[in-house]
1. Condition (residue is in a loop (DSSP other than H, G, I, E, B), within 30 Å of A:Ser356 (Cβ to Cβ) and in contact (Cβ under 8 Å) with a residue 12 or more places away in the chain) applied to region A:65-74: is it met by at least one residue?
2. Let me spell it out: the conditions are (1) open to solvent by 10 Å² or more (accessible area, probe 1.4 Å); (2) in a helix (DSSP H, G or I), and A:Pro401 meets all of them except one. Which number is the exception?
3. Look at B:Phe342 and say whether it is within 14 Å of another protein chain (Cβ to nearest Cβ) and hydrophobic (A, V, I, L, M, F, W, C).
4. Tell me the residue from B:Ser194, B:Ser199 that is in a loop (DSSP other than H, G, I, E, B), open to solvent by less than 20 Å² (accessible area, probe 1.4 Å), modelled with pLDDT of 90 or more and within 14 Å of chain A (Cβ to nearest Cβ), please.
5. Kindly list the number of the only condition in (1) open to solvent by 10 Å² or more (accessible area, probe 1.4 Å); (2) of a type in the set (Gly, Ala, Ser); (3) under 34 Å from the mean Cα position of the chain (by Cα) that fails for A:Ser425.
6. Return the total of residues in region B:214-237 being assigned to a helix (DSSP H, G or I) and more than 10 Å from chain A (Cβ to nearest Cβ).
7. What is the one condition in (1) within 14 Å of another protein chain (Cβ to nearest Cβ); (2) in a helix (DSSP H, G or I) that A:Phe358 does not satisfy?
8. Go through the residues of region B:138-147 one by one and say whether even a single one is under 16 Å from the mean Cα position of the chain (by Cα), buried (at least 22 other Cβ atoms within 10 Å of the Cβ), within 14 Å of chain A (Cβ to nearest Cβ) and not charged (D, E, K, R).
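The values are calculated or read from the model by the stated rules, or taken from the named source; none is laboratory data. Quick caveat, the model's predicted, so the values are computed rather than measured. Cβ placement follows ideal geometry from the backbone for every residue including glycine, while neighbour counts extend to all protein chains displayed. Surface areas here come from the heavy atoms of the whole protein model, side chains and all, with no ligands, DNA or RNA. Shrake-Rupley method; radii C 1.70, N 1.55, O 1.52, S 1.80 Å.
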Amino acid sequence: MDAQKTATQCRHYAMCKIDFLDTGICPAGKAHGYTGFYPQGRMDIYAALCQKKIPVTRALVEIADSCTLCDICDRQCYFVAGLRPRQVAAALKKKVKESLLHSSPQDPIPDPFLEKLQKIVGNRWATNDPAHRICYAHDPCPVSPETLPDYVALPADTRQVQRIVRLCNRHRVPFAVRGNGSSVMGFVLTPGLVIDTVRMRELHFDPKNWVVRIGAGISAFELQKEAQKRGFRVNAAEPSASCIGNIMCSGIFSLFSASYGTGADNFVDLEMVDRQGRILRLSDPGAPNLLAFQKTDAPLPGICTRAAIRLHPVFADETAAAVPFQNRSAAVKFARELAARRLGTGLGVLGTEYISTFLSPSPDLARQARSLFAEDLGIGALVLVLGDRHTLQAIQDMEVPVMSPGLIRTLILSLPNLCRQDWKSDLTGMGGDRPPYELFCRPEFEGILETLLEPSPQTLASGVDPDLRDFFTTLYARPEMTDILWLNTFRIISSRMGREGHVVAFILYIPLEDPRLVEKLDASFREITRSHRVRGDFGFLTPLDGGRMAVLEWDLYLDHTDPGEIKRMQGAMAAAGEMIEGYFERDPRVLWIRYLLYQGLARKESFLYHSAALK
Amino acid sequence: MNHTQPVFFITGGSGFLGSRIAVELLKGGATVILAVRGRDGKSPRQRVDKLMEWYGIRPGHRLLVMPARIDHPGLDLDPTDRQTCREIRPVVIHCAADTSFARHHRGRARQVNLQGLEHVFSTLRNTRHFVHMSTAYTAGIRKGTCLEEPHHPAGFFNHYEESKQRAEEWIIRMCRRERIPLTLLRPSIVYGDSVTGRSLRFNALYYPVRSLLKLRDSLQRNIREGNGRRARELGVRTDRKGNLVMPLRVTDTGGGVDLIPVDHLARAATAIVREGQTGIFHIVSRQRQSFSRLTEFVAQYTGIRGISISPAADLGSPTPLEQFISQLMDPYQPYFCDRRVFDDRRTAPVLQRTGLTCPELDYATFTRCMDYGVSVNWGAEIFR
């Protein structure tokens with residue numbers, strides 16, 4: 001893939017802004033803060049420059065020069081997206097150098113509003129330079145047109161946010177807030193000012209109260225890492241996303257929501273600047289009731305600047321196991337039973353799309369693994385259980401085939417071997433009345449399988465680009481890289497779901513008493529993918545509130561650079577919306593997360609049981 | 001195209017049996033249409049060209065390729081191809097099948113073996129003769145002699161048998177209704193070419209060998225390059241000559257396995273079709289192999305020491321390795337110790353007239369076939 005193509009493929013997941021592989025992060029990004037200095041920004045800038053959307057400015061020259069071509073971005077981005085941004089950075093440097101041979105870089109354009117902004121945050125932290133603005137102008141969502149903001153500001157604290165909001169109100173400048181500069185759903189685009197909260201880095205643990213106070217610039221990964229050091233875990237979403245951003249958007253859910261809950265379960269208090277520029281705390285007696293839920297398109301209640309987040313204890317004997325099933329209905333039923341019995345700190349039903357994508361270190365291998373898991377091993381769905389040894393023992397007592405942590409490690413580290421044609425046909429041959437995965441799950445065969453499959457970091461690394469094999473060998477020698485509990489806690493592999501195309505996630509809260517509902521929804525989504533000629537698959541389901549309800553994700557995938565596909569996806573999204581509304585009309589407990597947008601502070605009871613509220 | 005001579009339309013034209021029958025017909029001067037789908041980025045024509053190169057023949061103008069999907073109604077035939085078929089009324093030889101025994105593939109088997117047949121039949125219903133490649137194992141669960149007659153078994157060993165039996169019932173009914181001559185071919189288990197050892201498919205007879213070779217090689221690597229801990233845990237070691245000693249007791253419960261080489265199947269099928277024979281024909285071996293003899297072949301070929309035949313009662317508690325092998329072999333067990341005997345009194349005279357006899361599977365042939373399997377990594381590297 002050439003540099004220009006690579007540049008347009010960035011999914012804006014902002015994984016290059018967190019040190020999720022212990023490689024360190026982009027030194028230029030770390031030093032300068034603006035998204036433009038990170039690989040994600042450089043990709044946007046290079047693509048815009050090639051399309052002549054932006055001129056070569058002083059900031060752009062600084063961005064191009066700041067890159068040391070150190071390779072960190074290639075390692076990080078290949079791990080999650082299969083992309084190699086280093087060549088883009090090199091191409092950007094070259095292009096800028098060529099441009100400077102003919103003309104000088106454009107100087108900043110004086111702007112009274114910008115000067116006022118700079119007075120609030122400091123000259124360095126507000127800009128109207130097109131090179132910076134373009135990094136906040138678009139995202140891969142197929143229904144959000146590119147919207148170039150006039151300004152970008154990076155405030156440091158609540159007071160600065162308050163002054164910015166008041167300034168915007170006075171000058172009637174619209175604003176949008178971004179946490180960590182990531183954006184995938186088109187919610188944070190504005191023609192006015194983008195407020196990037198990345199500099200708001202408060203992180204203070206209060207272990208006595210099992211609470212951590214964080215600023216809006218703290219990412220889920222950073223928070224989780226610090227929490228783990230202290231023997232705790234937080235319920236966090238995508239690792240690069242701002243934890244506060246997730247809460248404010250539509251609430252946090254994860255596999256751990258099976259026991260930690262969702263919505264207001266995740267925090268103790270929040271501080272925000274409302275649209276009038278007042279500073280509020282949720283715990284204030286006079287604060288607006290943001291814990292309630294209304295099925296409506298709610299406006300953003302304000303800019304959350306700080307939050308007190310719940311901490312959960314971690315036990316030394318925690319581990320993970322996977323229970324495979326031939327069909328999803330059986331898996332959903334089993335997950336519900338576990339939730340009802342309060343078994344498992346984290347629970348999730350995963351489809352083979354997720355399993356293969358998450359575990360594979362390269363897109364090619366993921367494609368092969370998809371048929372390996374579904375066709376050759378006979379796995380229709382898998383229940384992932386995260387819990388302590390008592391939970392795992394209880395599951396083993398339920399006499400279902402269980403993939404132990406050892407077997408999971410074997411499967412991950414031998415995936416390139418298993419995906420070889422000879423192995424795949426061996427597995428096909430194994431199939432009799434019982435699916436081959438049952439053979440794999442028998443504890444007495446674990447040693448034989450390990451002998452046969454020869455799992456090792458080297459084997460795993462054989463599935464990636466040759467020049468990255470040494471890096472992957474070293475990386476996968478680390479135990480956590482094959483530890484499903486760790487991987488689910490930090491969620492560093494879930495971003496791989498966007499590797500083969502941008503993900504348009506449809507997330508629904510549903511009742512779980514009848515697994516047939518999941519199948520009906522799945523069939524409805526599949527019909528939409530068929531009729532609109534787009535790709536999609538079941539993502540995951542996590543039981544909530546003792547298995548009464550669940551959160552379900554069904555994903556559509558698209559190449560966000562293909563106009564034809566964008567058009568088809570727009571049709572598919574509209575059809576999916578209508579379809580979900582149809583389910584809601586028949587059963588109001590089927591609730592699209594769209595209605596939780598900006599209501600992520602709501603108590604889960606408010607939205608899961610909104611139809612049971614007292615009249 | 002000379003419409004007076006029959007033209008053969010073969011489904012599963014890139015498969016193990018379909019392609020071999022096509023080659024046999026082409027060698028005999030017939031015109032053949034291969035219905036093939038594109039796959040792995042290769043067009044149907046490209047796939048067939050590769051295949052013919054592998055067979056070492058230059059088919060020339062007597063081989064036509066028609067892109068077709070038997071899982072689609074109308075086979076997704078190009079309108080021109082459809083018109084051609086309508087005009088020439090080819091003899092249909094339906095070989096496309098899903099041969100997996102795995103229960104989780106039953107949906108796919110139904111789609112290919114039943115719906116696929118329906119699609120082929122409804123698309124080519126003006127055929128002058130329909131030849132359906134079935135299997136001797138539509139006989140289902142039973143003992144004793146199975147005649148060349150429709151089977152109505154009480155049960156099946158797997159869904160493959162069942163889907164093929166349902167397909168037989170369906171095509172018999174349809175051909176009767178439409179007054180189309182029908183030939184049902186029922187081969188037993190097919191392995192590679194008895195002379196060259198070449199094959200396109202490596203299941204059934206090949207399966208125990210490839211599994212044991214894989215295990216042998218892994219254990220040898222574990223002993224040679226690792227610390228040998230895994231091997232020791234499984235009771236496996238190397239003897240003074242460097243042979244792997246893997247204590248493995250297996251049980252011969254009687255009966256035997258009916259195996260035929262693909263060259264015999266193709267010649268027999270072609271002879272039956274060329275004679276215009278209709279009805280049901282068992283293409284089977286008259287010399288069944290015992291499980292014990294096959295086990296000796298396997299032990300000799302793999303060079304694994306310690307494999308022994310034991311009465312079931314002597315097995316006591318099987319070792320993990322024995323359990324593992326037993327699990328691997330479980331789907332094939334009904335075929336390796338088979339008490340069904342396939343009568344071939346309708347087939348025999350045709351073969352006699354053409355001077356055909358089924359070659360015996362001796363150790364030399366066995367070795368040739370396995371050597372070929374190893375050389376192409378059990379199919380993974382045939383067309384590389």
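1. Initially, region A:65-74 is screened for residues in a loop (DSSP other than H, G, I, E, B), giving A:67-71.
Filter once more, keeping what is within 30 Å of A:Ser356 (Cβ to Cβ): A:71.
In the following step, the residues that additionally are in contact (Cβ under 8 Å) with a residue 12 or more places away in the chain were identified as A:71.
Looking for residues that are in a loop (DSSP other than H, G, I, E, B), within 30 Å of A:Ser356 (Cβ to Cβ) and in contact (Cβ under 8 Å) with a residue 12 or more places away in the chain, one finds at least one in region A:65-74, hence yes.
2. With respect to (1) open to solvent by 10 Å² or more (accessible area, probe 1.4 Å); (2) in a helix (DSSP H, G or I), A:Pro401 is out only on (2).
3. Working: within 14 Å of another protein chain (Cβ to nearest Cβ): no; hydrophobic (A, V, I, L, M, F, W, C): yes.
The answer is no for B:Phe342.
4. Numbers: B:Ser194 fails: within 14 Å of chain A (Cβ to nearest Cβ).
Just a single option satisfies the conditions, and that option is B:Ser199.
5. So the condition that A:Ser425 fails would be (3).
6. Looking only at region B:214-237, we keep the residues that are assigned to a helix (DSSP H, G or I), and these are B:214-224, B:229-233.
Among the residues that remain, those that are also more than 10 Å from chain A (Cβ to nearest Cβ) are: B:216, B:220, B:223-224, B:232.
Residues that pass the stated criteria total 5.
7. The failed condition is (1).
8. Of all residues in region B:138-147, those under 16 Å from the mean Cα position of the chain (by Cα) come to B:138.
Next, from what is left, pick out any that are buried (at least 22 other Cβ atoms within 10 Å of the Cβ): B:138.
Filter again for within 14 Å of chain A (Cβ to nearest Cβ), leaving none.
Looking for residues that are under 16 Å from the mean Cα position of the chain (by Cα), buried (at least 22 other Cβ atoms within 10 Å of the Cβ), within 14 Å of chain A (Cβ to nearest Cβ) and not charged (D, E, K, R), one finds none in region B:138-147, hence no.
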